[in-house]
Amino acid sequence: MILLVAEHKDSKLKPITGELIVFAQRLARDFNQPIAAVLLGSNIDSMAAELKSRKIDRVIAVSHEVLVDYSPHSYISALKSIIEREKPFVVLAGHTTQGMDFAPRLAASLRRPLIAGCVECEKQGERLILTRQIFNAKMNMKTAVRGEPPYFATASPGAFPADEAEMGGNAQIEKLALDVPAPVRRKVIERSEAQKGKMDLSSAPIIVSGGRGLKQKENFSLITELAEAIGGSVGASRPVVDAEWLPREYQIGSSGQTVSPKLYIAIGISGAIQHLVGMQTSRCIVAINKDAEAPIFKVAHYGIVDDLFKVVPALTKILEDLRQG
Ligand SMILES: Cc1cc2nc3c(=O)[nH]c(=O)nc-3n(C[C@H](O)[C@H](O)[C@H](O)COP(=O)(O)OP(=O)(O)OC[C@H]3O[C@@H](n4cnc5c(N)ncnc54)[C@H](O)[C@@H]3O)c2cc1C
């Protein structure tokens, strides 16, 4: 069995859950295994129903007041009981703040291997091979898991596109009553949300990102106008944030956010490795840069080699005209 741990917030499945389903479906095909999604929380019925519509075999739903807020202690205890019962082949979690918190502890407590931040999976003979990126995504490392299952793996956000998930399942929902211990050593005192109106870039489908090529803060309006015309969110390279043209949460890259939108438009961004690691898994990358040798063109699917001050206003105008019909 492939067991995936669904991630959610405010009673809604997070995008990484869809990506875990794709990861699980690929493994299930290769190793001829059934898939079970584990849902831990309280008020989880609608999410269980949503999971049921994907092509998976089972939804194991554990509803408990202790699980109202995520805590590694309670999660690990519940998951250990489920793993003991189900004896899965692989356990999948997101390579997210939450997954990175509980998955290594869970794997270590069972003395089993964890391959973190996977971007691909394959079967070689009977062996499971998982690929992860190393050295700031400059190299891929293939890892063969050894020993007895379960094997643990976390999925790098954006590596397994959620829209490739096979639908049309009719999974059985099993409500499991477990004795879940209350969290120890940490307590959620308050949750403060990021300012409203600022989209979480990690789930934005379209991002228009600007870099130092814009030269000064006032020119950044070219980016916001294009983003508005195309219905996207705004992102930036680090120099833009360092120069305080935009707040830190807009920064994309190794010391900023990792994003994986359907469309990423990089404008006046050279494509330094620290920027690329934050956006190179985007489905379609368009680069606008006057330097044909800029490294951004190595990852771009489409490129415009020209002056952004000429190209961007023209592009915005075309999009606005299209919108107005
Ligand atoms: C530890 C560390 C962490 C880092 N983390 C990050 C990070 O998270 N995110 C990040 O982005 N960077 C990060 N950096 C910085 C990174 O190394 C680069 O310096 C940065 O990404 C460059 O930003 P840029 O592409 O906007 O600017 P530049 O490299 O200066 O590129 C500007 C580009 O604009 C083009 N241009 C100029 N004028 C025009 C014009 N008129 N029309 C069209 N094109 C034009 C130029 O040809 C050039 O390619 C980090 C660096 C370090 C050391």
Residues (more than 13 Å from the ligand (Cβ to nearest atom) and aliphatic (A, V, I, L, M)) located in the stretch 208-219: Val208
Within the stretch 277-295, the count of residues that are among the β-branched types (Val, Ile, Thr) and closer than 17 Å to Arg238 by Cα comes to 1
Based on this model, can you work out whether Gln280 counts as closer than 25 Å to Ile134 by Cα, within 7 Å of the ligand (Cβ to nearest atom) and out of contact with any Pro (no Cβ under 8 Å at 6 or more places or on another chain)? no
Can you give me the number of residues within the stretch 113-151 that are of a type in the set (A, V, I, L, M) and within 18 Å of Leu92 (Cβ to Cβ)? 9
Among helices (runs of 4 or more DSSP H) completely within the stretch 181-291, the ones holding 2 or more residues that are more than 30 Å from Glu164 (Cβ to Cβ) are 221-230, 238-242
Please work out which one of (1) farther than 30 Å from Gln257 by Cα; (2) at pLDDT 95 or above; (3) of a type in the set (S, T, N, Q) is the condition Ser53 fails and give its number. (2)
Yes or no: the stretch 307-322 includes at least one residue that is within 22 Å of Val119 (Cβ to Cβ) and either under 27 Å from the mean Cα position of the chain (by Cα) or at pLDDT below 95 (or both). no
Result of the Cβ filter at 6 Å on the stretch 310-325, keeping first residues that are at positive phi and partners that are of a type outside the set (D, E, K, R) and assigned to a helix (DSSP H, G or I), at least 6 apart or interchain, is none
May I ask you to list the residues in the stretch 305-325 that are more than 9 Å from the ligand (Cβ to nearest atom) and either part of a loop (DSSP other than H, G, I, E, B) or over 16 Å from Ala229 (Cα atoms) (or both)? Gln324, Gly325
Among the residues that make up the stretch 291-300, is at least one of them crowded, with 18+ Cβ neighbours inside 10 Å, out of contact with any strand residue (DSSP E or B) (no Cβ under 8 Å at 6 or more places or on another chain), at pLDDT 90 or above and not acidic (Asp, Glu)? no
Tell me, which residue of the stretch 277-309 that is without any contact (Cβ under 8 Å) to a residue 24 or more places away in the chain and of a type outside the set (A, V, I, L, M, F, W, C) is nearest to Lys262 (Cα to Cα)? His301
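The rows are residues; the columns are (1) more than 15 Å from Ala300 (Cβ to Cβ); (2) out of contact with any Phe, Trp or Tyr (no Cβ under 7 Å at 6 or more places or on another chain).
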site: Val241; (1), (2): yes, no
site: Glu244; (1), (2): yes, yes
site: Ile265; (1), (2): no, yes
site: Gln274; (1), (2): yes, yes
site: Gln280; (1), (2): no, yes
When Leu222 is run through (1) surrounded by fewer than 18 Cβ atoms within 10 Å (Cβ to Cβ); (2) more than 9 Å from the ligand (Cβ to nearest atom); (3) over 27 Å from the mean Cα position of the chain (by Cα), the failure sits at (1)
Single residue of the stretch 225-270 satisfying the filter (more than 11 Å from the ligand (Cβ to nearest atom) and of a type in the set (Asp, Glu)) that is farthest from Leu319 (Cα to Cα): Glu244
For the stretch 78-95, name all the residues that are of a type outside the set (A, V, I, L, M, F, W, C) and surrounded by 19 or more Cβ atoms within 10 Å (Cβ to Cβ). Pro88, Gly94, His95
Filter the stretch 263-290 down to residues that are of a type outside the set (A, V, I, L, M, F, W, C), surrounded by fewer than 18 Cβ atoms within 10 Å (Cβ to Cβ) and modelled with pLDDT under 95 and give me whichever is nearest to Lys215 (Cα to Cα). Gln274
If you check Ser74 against the conditions, is it buried (at least 18 other Cβ atoms within 10 Å of the Cβ) and part of a helix (DSSP H, G or I)? yes
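The values are calculated or read from the model by the stated rules, or taken from the named source; none is laboratory data. Every value quoted in this text rests on a predicted model; they were computed, and no experiment measured them. Using ideal geometry, Cβ is built from the backbone for each residue, glycine included, and neighbour counts are taken over all protein chains shown.
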